[in-house]
Amino acid sequence: MKLDKKIKVGIIGATGMVGQRFVTLLSNHPWFEITALAASKRSSGKTYKEAVSGRWKMDVEIPSEVSELKVMDIHDIDNVSSKVDMVFSAVDMPKEEIMQIEDDYAKTETPVVSNNSAHRWTDDVPMLMPEINDDHCKVIEAQKKRLGTTRGFVAVKPNCSIQAYVPLLAAWDEYEPYELAISTYQAISGAGKTFKEWPEMVENIIPYIGGEEEKSEKEPLKVLGEVKDGKVVNKEGLAITCQCLRVPVLNGHTASVFIKFKNPPQKEDLIKKLNEFKGFPQNENLPSAPKQFIHYLQEDDRPQVKLDVDCEKGMAISVGRLREDSVYDFKFIGLAHNTLRGAAGGAVLCAETLVAKGYIKSKAF
Ligand SMILES: NC(=O)c1ccc[n+]([C@@H]2O[C@H](COP(=O)([O-])OP(=O)(O)OC[C@H]3O[C@@H](n4cnc5c(N)ncnc54)[C@H](OP(=O)(O)O)[C@@H]3O)[C@@H](O)[C@H]2O)c1
């Protein structure tokens with residue numbers, strides 16, 4: 001798909017770690033151009049280069065087209081909205097304030113694609129993993145009625161911890177998975193940190209990530225649910241228990257998963273389903289879509305963070321060690337890039353999906 005006119009985008013929370021990732025992913029994007037960057041009063045009025053000075057965390061330079069852009073205050077909503085067709089949200093504020101500001105942007109007829117958890121449980125807000133549940137976009141019509149908008153709405157992406165196993169549940173749906181026991185091994189960038197900023201994490205494991213276990217157990221139920229009467233209704237009959245550990249890895253969340261099926265298949269069937277699995281982004285050839293969403297690796301020592309986290313620019317997930325288990329039916333290891341597929345990259349893919357389906361358009365039309 002080729003657009004007649006690029007979509008003008010703003011990033012609210014542009015100076016933070018996820019905001020910086022948005023900036024690098026959206027510069028030179030074939031469909032989007034950055035026309036506004038916004039953050040707190042601490043940053044507003046400065047050029048982007050000045051605002052991120054000493055805290056630029058990406059391994060590429062600040063894109064030249066944004067380095068001199070003046071950072072705006074995210075609370076200057078009318079002004080930011082007047083410069084954009086949509087915004088990406090990566091602000092870190094108390095949950096109620098995030099919900100309010102995302103609704104306020106939507107009410108100016110500016111669609112919001114959010115990386116934040118604040119609206120994930122609002123039942124007319126779709127929580128999108130575009131390969132799995134692009135049909136949830138239709139709940140946006142009910143949300144627009146609630147907000148009183150014609151084109152403004154909020155869409156969110158789910159938590160970074162679930163990316164390494166939920167796609168498999170979708171691929172294996174016909175075998176009816178019903179019980180999972182999971183441990184996740186999560187990178188420090190998931191807390192917005194590097195080793196320089198968090199030296200205590202070197203050679204360490206911390207067996208606690210606040211709020212993460214609940215998200216890892218519950219969010220899959222909404223992602224795999226269905227839209228009924230203007231709401232996303234959770235999937236039933238699926239029980240997930242999860243422990244989340246912070247490990248000394250910079251990027252990449254690994255999940256160790258045990259799974260039971262109502263109709264247990266053969267291992268070969270499961271691998272075949274993973275290799276064949278694709279969705280709307282692959283069918284529509286969206287700019288950020290990995291060609292092959294799930295890569296099954298045959299080697300016993302894969303997936304490995306160092307070798308596999310950047311698979312298909314960090315947008316594909318890697319899976320290995322699928323084998324029968326003596327208590328559950330099967331077990332496997334999954335790996336996903338937490339700040340690409342799990343955060344900004346996943347949100348950009350959501351926005352591309354919403355553009356391809358006609359929910360996000362240039363305000364000029
Ligand atoms: N890091 C990850 O991998 C990851 C993954 C998934 C989800 N998330 C979520 O994404 C959000 C951003 O995470 P992050 O790691 O990028 O955070 P971060 O580095 O702390 O950046 C926070 C951003 O929000 C802005 N901000 C903070 N307080 C504000 C206020 N009172 N008013 C206006 N703007 C304010 C900051 O602006 P200033 O620079 O001007 O202070 C900055 O742009 C968080 O909700 C986080 O939970 C993060």
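The values are calculated or read from the model by the stated rules, or taken from the named source; none is laboratory data. Since we're looking at a predicted model, the values are computed, not measured. Reconstructed Cβ throughout: ideal geometry from the backbone, glycine too, with neighbour counts over all protein chains shown.
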The condition of being out of contact with any helix residue (DSSP H, G or I) (no Cβ under 7 Å at 6 or more places or on another chain), without any contact (Cβ under 8 Å) to a residue 60 or more places away in the chain and acidic (Asp, Glu) holds, among Asp76, Asp135, Asp85, only for Asp76
For the range 252-275, the count of residues that are over 27 Å from Asp123 (Cβ atoms) and buried (at least 19 other Cβ atoms within 10 Å of the Cβ) equals 7
Out of all the residues in the range 77-86, is one or more within 13 Å of the ligand (Cβ to nearest atom), at negative phi and at pLDDT 95 or above? yes
Identify the single condition in (1) buried (at least 18 other Cβ atoms within 10 Å of the Cβ); (2) more than 14 Å from the chain's Cα centre (by Cα); (3) part of a helix (DSSP H, G or I); (4) not charged (D, E, K, R) that Thr122 does not satisfy, given that it satisfies every other one. (3)
The range 87-110, subset of a type outside the set (S, T, N, Q) and either away from the ligand (no atom under 16 Å from the Cβ) or within 16 Å of Arg151 (Cβ to Cβ) (or both), residue surrounded by the fewest Cβ atoms within 10 Å (Cβ to Cβ): Lys107
Failed criterion for Arg341 (all others in (1) within 16 Å of the ligand (Cβ to nearest atom); (2) over 21 Å from Phe277 (Cβ atoms) hold): (2)
Go through (1) within 15 Å of the ligand (Cβ to nearest atom); (2) over 18 Å from Asn234 (Cβ atoms) for Met129 and report which single condition fails. (2)
Would you mind telling me which numbered condition in (1) more than 29 Å from Ala155 (Cα to Cα); (2) surrounded by 24 or more Cβ atoms within 10 Å (Cβ to Cβ) Ser318 fails? (1)
Helices (runs of 4 or more DSSP H) enclosed by the range 125-226 - at least 2 residues per element that are surrounded by fewer than 16 Cβ atoms within 10 Å (Cβ to Cβ), at pLDDT 95 or above and of a type in the set (D, E, K, R): 140-147
If you go through Ser183, Ser117, Ser189, the only one that is within 16 Å of the ligand (Cβ to nearest atom) and touching a strand residue (DSSP E or B) at 6+ places or on another chain (Cβ under 9 Å) is Ser117
